[in-house]
1. Mind ordering 210-220, 50-60 by average Cβ neighbours within 10 Å, highest first?
2. Sorted from largest to smallest, which semi-axis lengths in Å does the alpha carbon gyration tensor of the chain give for its equivalent ellipsoid, taking the root of 5 times each eigenvalue?
3. Which listed residue (ASN300, LEU251, ASN152) has the Cα farthest towards the positive end of the charge dipole for the chain, taking +1 on Lys and Arg C-beta and -1 on Asp and Glu C-beta about the Cα centre?
4. What residue among GLY242, HIS180, ASN345 has its Cα farthest toward the positive end of the dipole of the chain, where the charges are +1 on Lys, Arg and -1 on Asp, Glu, each on the Cβ?
5. Given a 1.4 Å probe and every protein chain left where it sits, what share in percent of the accessible area of segment 97-168 is carbon and sulfur?
6. Could you look at segment 244-317 and say what percent of its accessible area is carbon and sulfur, using a 1.4 Å probe and all protein chains?
7. Roughly how big is segment 76-175's charge dipole about its Cα centre, with Cβ charges of +1 (Lys, Arg) and -1 (Asp, Glu), in debye to the nearest 20?
8. Per residue, how much accessible area does segment 50-155 have with a 1.4 Å probe, in Å²?
Amino acid sequence: MINKYLPFLLLSIVFQLGAQEMSFEEYNPKSTLVVEGEEVPRAKYPFIDVHSHQRDMSIAKLKQLVSEMDALNEGVMVNLSGGSGNSLRKKVENIEATYPNRFVVFANVDFDGVGKPDWGARAAKQLEEDVKNGAKGLKIFKSLGLRYKDINGNRLAIDDPRLDPVWSKCGELGIPVLIHAADPKSFWDPMNSDNERWLELKTRPRRKRSDTDPAPWQQIIDEQHRMFKKHPNTKFINAHMGWYANNLQKLGELLNEIPNMYVGIAAVIAELGRQPKTAKAFFIEYQDRILFGKDSWRPNEFPTYFRILESDDEYFPYYKKYHAFWAMYGLDLPDDVLRKVYYKNALKVIPGLDKNLFPKE
């Protein structure tokens, strides 16, 4: 009798041992918690997404995007990947031919050649031309501070004085600068069991940094803030809440120090969703300085943003485990704060947006 069932017992033991050896990447349990709450598929108010990227802005693509935007209650999409010169002009022409009030583009600067005597003047002149052609702002990618180098092969610091003509020109033209500097500090921290971004770094190892690759995190962040302070007449939108969404006390101190700095919530909503009391208090205190943004265009992910901002739901899942393996909680923001975050602040900061798309008070 024992011999007859021995193979089945061995298989059962092997199966149980295999299950116990499940990796962290595979372990993703469904919560058994039963609480009130439901998804929020559509924003309560029409919103302006100040942080989107669309390489394709053909007429056919714009028609598709508007349909998807309408379903979410998105009023205006700000495409930060506008480029410059002819590329930007073509995007604007397509917008004007189809949905002139639903899309705007931000220009981008070519940092190649910094160090040549005329670089600053040429860059400022090109930016002015791009604004004449329809750009409503300037987007700076994280390559500034991480990858860009001057003509001598040195890392190009964000507060390099040779870049001042660009920031000054933005102030002169009355356009904002949306800037992404560095990345989450955890990318610079040791990749061990204490690192909250361990899974992201394991699955995307190229994101790992060090104090010599290319510089310490704090150094890059400080460069950015010095540049903001040096150009008080220019409005800066600090993308991803300046990577201080996990330290709102510090972010509040910076907002107090730098009155021309605003923050966008793109890609850091998971940080806010795990600290509902602290985040709600922060949004109320700095309600005039926070702008809605998402970053990657995945319409199915927007409802998590709406739910965190609008509801008082408890312990609901985030959509991307490698960003956040913890559960979310709603901030239940007051309506007057929601309206500012969703559209009022962007209307104030970005010139030329169609105010008729949004509620009148």
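1. Numbers: 210-220: 14.7, 50-60: 17.4.
Result, highest mean first: 50-60, 210-220.
2. On the way: eigenvalues 311, 140, 85 Å².
Its equivalent ellipsoid spans semi-axes of 39, 26, 21 Å.
3. Result: ASN152.
4. HIS180
5. 47
6. Values: 1190 of 2770 Å².
Of all accessible area on segment 244-317, carbon and sulfur atoms account for 43 percent.
7. Numbers: 16 positive and 13 negative charges, 60 e Å.
With only Lys, Arg, Asp and Glu charged at Cβ, the dipole is about 280 debye.
8. Details: 4650 Å² over 106 residues.
Here the residues of segment 50-155 average 44 Å² of exposed surface.
The values are calculated or read from the model by the stated rules, or taken from the named source; none is laboratory data. Remember, it's a predicted structure, so these values are computed and weren't measured experimentally. Heads up, the Cβs are rebuilt from the backbone with ideal geometry, glycines too, and the neighbour counts pull from every protein chain shown. Just the protein is used for accessible areas: all its heavy atoms, side chains included, with ligands, DNA and RNA removed. Shrake-Rupley method; radii C 1.70, N 1.55, O 1.52, S 1.80 Å.
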